[in-house]
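Nothing in this text is a laboratory measurement; each read-out follows from the coordinates by a stated rule. All of these numbers come straight from a predicted model, not from anything done at the bench. A quick note on method: Cβ atoms are made from the backbone with ideal geometry, for glycine too, and the neighbour counts reach across all protein chains shown.
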Amino acid sequence: MLNMKEDLHIHCNYNDHSSMDLTIPNIINKSETLGLERIAITEHVRKNSVWTKKYIDELDHYIPRTKIKILKGFEAKILVDGEIDCPAEFLNNEYFIIASFHTRYNKEEWYEALTKAIKNPDVDVIGHLAPEIDFKVNGSEIRNIAELVVANGKKIEINSKYIRPPKEFLKIFKEYGVEFHLGSDAHAINDIGNFNRIKDLINLIEEK
Ligand SMILES: [Zn+2]
Ligand SMILES: [Zn+2]
């Protein structure tokens, strides 16, 4: 069910907090060495990011030069109104968009914003999904989320940086037939394709 030869959440050196050697060619070299078949390079974006053209041009340069299938993408923050913090020009089928929570909201805001993000046709996957530490999400709420995810054809990422989603989410998601994929959320070269931290979550998804 999970493809261990793919990593669909990799950052690069266009943001201000990843390793400087996390360049696009270094990501591709490392992925080739690991035998990965498909990766998504998904730099953190905001509506006002100024580096996006250079980033896309660089991706377009390298994509034809490797056998690895590379998805051009962005990780965009889910805003409190449920909108995605991503320039409109990238909100279309050409780009792989991970929508993630990067700001702490209260439960009501979180739930509303998540619902909107799942319904957003330009979003491909919900990244590192989990409730905030100050609230819990009950079984019927998780079931509602699962139904929405399936109805809207979204994927749920199994994230090895944050070890998310929590197991109680995964068990219910699995029952509902939610589709998953792996994302390392790499901020350094050695994070790429490294899913050792989420063996338990992988086993939970794979077990019959
Ligand atoms: Zn994130
Ligand atoms: Zn990330």
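Laid out as a table, the results:
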{"item": "Odd one out for A76 among (1) under 20 Å from D185 (Cα atoms); (2) in contact with a helix residue (DSSP H, G or I) (Cβ under 7 Å, 6 or more places away or on another chain)", "result": "(2)"}
{"item": "Hey, S49 part of a loop (DSSP other than H, G, I, E, B), of a type outside the set (D, E) and more than 30 Å from E108 (Cβ to Cβ) or not", "result": "no"}
{"item": "Where H61 falls short, out of the listed (1) free of Cβ contacts under 8 Å to residues at least 24 places away in the same chain; (2) touching a Ser or Thr at 6+ places or on another chain (Cβ under 8 Å)", "result": "(2)"}
{"item": "Test for K136: is it more than 16 Å from ligand 1 (Cβ to nearest atom), outside any loop (DSSP other than H, G, I, E, B), more than 18 Å from H9 (Cβ to Cβ) and not hydroxyl-bearing (S, T, Y)", "result": "no"}
{"item": "Of the criteria (1) more than 16 Å from ligand 1 (Cβ to nearest atom); (2) assigned to a loop (DSSP other than H, G, I, E, B), which one I63 fails", "result": "(2)"}
{"item": "Single unsatisfied condition, K174 versus (1) touching a residue at least 40 places away in the same chain (Cβ under 8 Å); (2) closer than 17 Å to N3 by Cα; (3) more than 15 Å from ligand 2 (Cβ to nearest atom); (4) surrounded by 15 or more Cβ atoms within 10 Å (Cβ to Cβ)", "result": "(1)"}
{"item": "So E58, is it outside any strand (DSSP E or B), surrounded by 17 or more Cβ atoms within 10 Å (Cβ to Cβ) and more than 20 Å from the chain's Cα centre (by Cα)", "result": "yes"}
{"item": "Filtered residues of region 81-115 (kept if within 16 Å of ligand 1 (Cβ to nearest atom) and in a loop (DSSP other than H, G, I, E, B))", "result": "D85, C86, F101, H102, T103, R104, Y105"}
{"item": "Subset of region 157-171 (residues that are surrounded by 22 or more Cβ atoms within 10 Å (Cβ to Cβ) and closer than 25 Å to E32 by Cα)", "result": "E157, I158, N159, S160"}
{"item": "Exclusive hit being more than 22 Å from F195 (Cβ to Cβ) and either surrounded by fewer than 17 Cβ atoms within 10 Å (Cβ to Cβ) or not polar (S, T, N, Q) (or both), set E32, E6, E89", "result": "E89"}
{"item": "Every pair of residues 6+ apart whose Cβ atoms lie under 7 Å, when the first sits in region 143-169 and is assigned to a loop (DSSP other than H, G, I, E, B) while the second is within 16 Å of ligand 1 (Cβ to nearest atom) and basic (K, R)", "result": "S160/R197; I163/R197"}
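A quick yes/no check of all residues on (1) touching a Pro at 6+ places or on another chain (Cβ under 6 Å); (2) farther than 20 Å from E175 by Cα:
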residue: I118; (1), (2): no, no
residue: D122; (1), (2): no, yes
residue: L129; (1), (2): yes, no
residue: I133; (1), (2): no, yes
residue: A146; (1), (2): no, no
